[in-house]
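This report concerns only the one structure given below.
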Amino acid sequence: MPVVNAVLALEIFLTGAASGSLGALLGLGGGVFLVPLLNLVFGFPFTVAAAISLTTVIATSSSVSAGRAGQQLINMKLGMLLEVATAAGSFLGGITAQFVAQSVLQKLFGFVAAAVAIVMLTRLQRRNVILDPTIDPGVLGGRFYEAESRCVVTYRVKRLGLAVVASFLAGNVSSLLGIGGGIIKVPILNAWCGIPLRAAAATSAFMIGVTATAGAIIYYGRGQLEPALAAAAVLGVQVGSWGGMRFGASASAKWLKVLMAAVLFVVAAMMFMRGGR
Amino acid sequence: MNADRPAVAPRAEAMERAIGLVLRAGVVASSACLALGLAIALATGEHGAALVLLHTGVILLLVTPVARVIVSIGQFASARDWTFMGLTIVVLVELMASAAAALVFNRRV
């Protein structure tokens with residue numbers, strides 16, 4: 001375990017801030033950037049990097065959801081239902097991570113990073129589907145007021161089985177790799193399950209706190225979570241995502257998405273090379 | 001549907017606000033402990049009060065989502081929504097299973 005000094009703490013704080021602000025600008029958690037930086041640049045073992053990243057995921061989820069509470073964007077019922085699947089996936093992932101070689105985790109991360117980049121590039125033009133506001137949302141659907149269009153958006157959940165499977169996989173990947181897993185759930189919930197993007201993103205951000213906790217507890221119990229490093233990363237990510245949300249809302253994120261997709265392809269290649277040794 | 005902001009579901013909104021409060025309190029308390037703990041650790045080394053504060057901060061962070069789940073169980077119970085109360089209890093049990101796994105792994109080391 002690395003010894004914590006002021007320089008290292010500051011470096012980790014700044015790394016967290018950069019990951020958090022990029023994540024907020026792109027509508028991701030910052031984990032997909034934080035884990036490779038900690039693992040490849042700082043040279044921490046993969047599980048140590050994943051454990052630190054999971055604590056930042058929890059902090060981001062809690063503070064973002066606290067800020068959104070009361071806006072009806074978070075679908076609490078759907079979130080609780082899918083959490084049954086994400087927490088199970090995360091629990092199993094957290095245990096699996098203890099038995100899997102670092103090279104396997106790196107290769108899996110490379111694969112997921114490349115997939116994330118492809119999803120990012122294919123969804124550049126994606127807009128919200130226009131929904132019939134008179135439909136009955138049913139038990140799991142939702143209804144929220146969208147300020148831009150000054151409309152009440154009503155939606156029904158379709159293909160619940162797919163949403164459950166996607167959530168289980170997202171939970172599994174989350175605790176294995178130290179990311180939130182929203183990048184896996186949100187596109188599926190939006191494209192196939194009939195959930196508007198904002199509601200899907202808000203519900204996912206709400207869920208990943210529980211998902212990441214189920215994994216982080218295991219890393220913490222195993223002694224893989226160094227609290228001083230986690231402190232620096234958590235504080236950095238909090239500052240970064242606050243800044244990213246505050247200053248990024250007006251900027252067009254399109255060029256940024258292309259740039260970050262390129263970065264993720266590089267990350268994926270580096271992870272494959274490290275994992276292949 | 002073009003209306004001023006409607007009262008969509010006052011009960012659901014109250015539930016959300018209560019959960020938001022729990023999350024906010026957890027984040028603020030844990031961040032405060034982590035910041036203070038880190039500052040003391042950097043000044044005097046990672047032992048004593050610094051270590052206690054850092055671990056308290058991490059534990060508060062991990063407990064916050066658990067507390068949110070427990071509050072949800074109470075909310076679904078008071079709404080007599082037994083299906084969702086049951087599902088939320090399952091989530092709590094899964095989190096407890098993770099904690100149990102953490103203890104098992106801890107003993108092995």
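No lab work stands behind these numbers, since they all come straight from the coordinates. Everything numeric here is computed off the predicted structure, so don't read it as measured data. In this analysis, Cβ positions are derived from the backbone assuming ideal geometry, glycine residues included, and neighbour counts consider all displayed protein chains.
Fewest first, what order do A:LYS158, A:LYS185, A:LYS77 take by the number of other Cβ atoms within 10 Å?
A:LYS158, A:LYS77, A:LYS185
Would you mind computing, in nm to one decimal, how far apart the modelled labels at B:ALA43 and A:ASN5 are, each placed 7 Å from Cα along Cα→Cβ?
My value for the distance between the label points is 2.0 nm.
Within 10 Å of each Cβ in peptide A:48-57, how many partner chain Cβ atoms are there on average? Round it to a whole number, please.
1
What does the extension gain come out to for A:VAL119 and A:ALA269, with contour length at 0.36 nm per residue minus their alpha carbon separation?
Between A:VAL119 and A:ALA269, full extension yields an extra 52.3 nm.
What is the mean number of Cβ atoms from other protein chains located within 10 Å of the Cβ atom of each residue in peptide B:50-58, rounded to a whole number?
Rounded to a whole number, the mean comes out at 4.
How big is the charge dipole of the protein assembly as shown about its Cα centre, in debye rounded to the nearest 20, if each Lys and Arg gets +1 on its Cβ and each Asp and Glu gets -1 on its Cβ?
The calculation lands at about 620 debye.
Using the Cα centre of the protein assembly as shown as origin and beta-carbon charges of +1 (Lys, Arg) and -1 (Asp, Glu), tell me which of A:VAL41, A:THR122, A:SER53 is placed farthest towards the positive end of the dipole.
The listed residue farthest towards the positive side: A:THR122.
Which net charge results for the neighbourhood of A:ALA66, defined as the other residues with beta-carbon distances under 13 angstrom from its beta-carbon, given Lys and Arg at +1 and Asp and Glu at -1?
Net of charged neighbours comes to +3.
With angles folded into 0 to 90 degrees, how steeply does helix A:227-248 sit against the dominant principal axis of chain A? Use alpha carbons for both and round to 10.
40 degrees
What does the helix-only formula give at 222 nm for the protein assembly as shown: each DSSP H stretch with n ≥ 4 adding -39500 (n - 2.57), the total divided by the residues, and the result rounded to the nearest 500 deg cm²/dmol?
-25500 deg cm²/dmol
Give me the inter-chain shielding for A:64-74: mean count of other chain Cβ atoms within 10 Å, whole number please.
Per residue, the average neighbour count from other chains is 6.
On C-alpha positions alone, give me the angle between the axis of helix B:10-44 and the longest principal axis of chain B, in degrees, nearest 10.
Orientation of helix B:10-44: about 10 degrees from the principal axis.
Sequence neighbours fewer than 8 away in the same chain don't count; with that in mind, list the lysines whose C-alpha is under 19 Å from A:LYS257.
Leaving aside lysines fewer than 8 places away in the same chain, those within reach of A:LYS257 are A:LYS185.
Say a paramagnetic label sat at a point 7 Å from the Cα of A:VAL139, along Cα to Cβ; which residues of region B:52-96 have their backbone N under 12 Å from it?
Counting backbone N atoms under 12 Å from the label point, the list is B:81-87.
When ranked by the protection proxy of mean other Cβ atoms within 10 Å per residue, highest first, what sequence do the peptides A:66-75, A:216-225 form?
Descending packing order for the listed peptides: A:216-225, A:66-75.
Considering only A:THR211, A:THR55, A:THR96, give the residue with the highest GNM mean-square fluctuation for chain A, with springs between Cα atoms whenever their separation is below 10 Å.
In the Gaussian network model the winner is A:THR96.
Under the Kirkwood approximation applied to all pairs of distinct alpha-carbon atoms, what is the hydrodynamic radius of chain A in Å?
Computed over Cα pairs of chain A, the Kirkwood hydrodynamic radius comes out at 18.7 Å.
Which Cα, out of B:GLY57, A:SER21, A:ALA233, lies furthest along the positive dipole direction of the protein assembly as shown (beta carbon charges, K/R +1, D/E -1)?
Of the listed residues, the answer is A:SER21.
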